[in-house]
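All remarks here apply to the structure that follows.
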Amino acid sequence: MSFSMNKSLKLILGGYAVSINVGSAGLFYYDKQQAIQHKWRVRESTLQLSGLLGGWIGGMWAMQAFKHKRSKESFKNKYYACVAGNVILIPIIAKFYKPLLSMITKQQPQITNNIPNPNQSFKKQNFSNNQNNNNFKYNKSSRKNKNNN
C-alpha cells in the first residue's frame, strides 16, 4: 500500500510542479505581450505569487527568455525573496516527508493464524461430523411421523 501511495504522491507533486512552472512562464509571456501592446498588465503581486507557489523556475526562465522584468529592481528583489523561501523550504519539507509518509501509510497489524476465524471453525464443525448431520435428519423425520399420528 505504501508503494502505490508514494508513487501517487510523486505523480501529483510532479504534475503540480510542471503545471505551476508552465503557468508562471505563461503569465510572464502574457504580461510581456500586454506591455508591448500597451494594454492592461498582470499585477506584479500575481507574478510574485506564482513564484512563491513554486513556479519560480518557470518565472526565472521566462524573465530571461522574454527579456521581461529584468531591469526593475524592486520586482526582482521581491521575486528573489520568493525563490529563496522556496529553496529554504524544499529541504525542510524533504526532511519531514519520510516520517510523515510513514505515519500516514502505517499498515494495520494483520491477523495471525493463531487467532481462530469463527467462520472457518463453524464450517469445520458442520462438515467434520457426519453422524450429527444424520441424527439431525433422523430427528426431523421422526417429528413428522409423530405429528402425522
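Below are the figures for this structure:
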| quantity | calculated |
| --- | --- |
| Diffusion coefficient, µm² s⁻¹, Stokes-Einstein with Kirkwood Rh over alpha-carbon pairs of the range 2-104 at 4 °C and 1.567 mPa s | 86 |
| Dipole of the range 2-104, positive direction: furthest Cα of A25, A65, Q48, with charges on the beta-carbon | A65 |
| Charge dipole magnitude, Cβ of K and R +1, D and E -1 - the range 2-104, Cα centre, debye nearest 20 | 140 |
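Computed from the coordinates by the stated procedures, all read-outs in this text should not be read as laboratory data. None of the values given here were measured: they were computed from a predicted structure. Neighbour counts run over all protein chains shown; Cβ positions are idealised from the backbone, glycine included.
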